[in-house]
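Report on one structure; see the data block that follows.
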Amino acid sequence: MAVESRVDRLETWAGPGQVEALSTSLTALRADLATFHREMHARLGTIESDVGTLKSDVGTLKSDVGTLKSDVGTLKSDVGTLKSDVSTLKSDVSTLKSDVSTLKSDVADLKSDVADLKSDVADLKAGMAEVLRRLPPPPADR
């Protein structure tokens with residue numbers, strides 16, 4: 001609070017009651033200034049305490065951010081490894097798909113060959129049955 005805000009008009013002549021009025025005004029001004037000083041001193045103590053707390057919190061925050069940066073670095077490295085592994089896996093799956101396609105074709109050929117083989121075995125059985133039928137009967141016991 002400035003002195004100027006407490007003085008509306010400054011009289012330069014000293015008439016009756018002027019000295020007492022000035023004395024009362026100065027006493028009130030000093031009391032207000034003392035109260036203001038105490039309030040500001042109390043608030044300054046609170047502010048200093050808050051600043052100390054903030055410094056501590058910022059120190060903790062810096063430490064946490066450092067840990068977080070380290071963890072993010074590790075995570076980035078892990079993601080890079082994962083990307084590489086996924087790329088390798090894609091390549092392996094593509095090769096596997098190609099191999100399965102070839103295997104399907106080979107199995108289809110094998111099925112066809114087995115069907116042909118069954119047919120040939122059936123023909124052989126029929127042929128052998130005919131051969132055995134044409135053979136003379138076994139000799140009787142001597």
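Computed from the coordinates by the stated procedures, all read-outs in this text should not be read as laboratory data. All of these numbers come straight from a predicted model, not from anything done at the bench. Backbone-built Cβ (ideal geometry, glycine too); neighbour counts: all protein chains shown.
So the values come out like this:
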item: Angle between the chain longest axis and helix 18-134 axis [Cα atoms, degrees, rounded to 10]; result: 0
item: Among 133-141, 121-129, the order from most to least packed when residues are scored by Cβ within 10 Å on average; result: 121-129, 133-141
item: Convex hull per residue volume in Å³, alpha carbons only, for the chain; result: 337
item: Total lysine pairs under 23 Å (Cα atoms) in the chain, excluding pairs fewer than 8 apart on one chain; result: 9
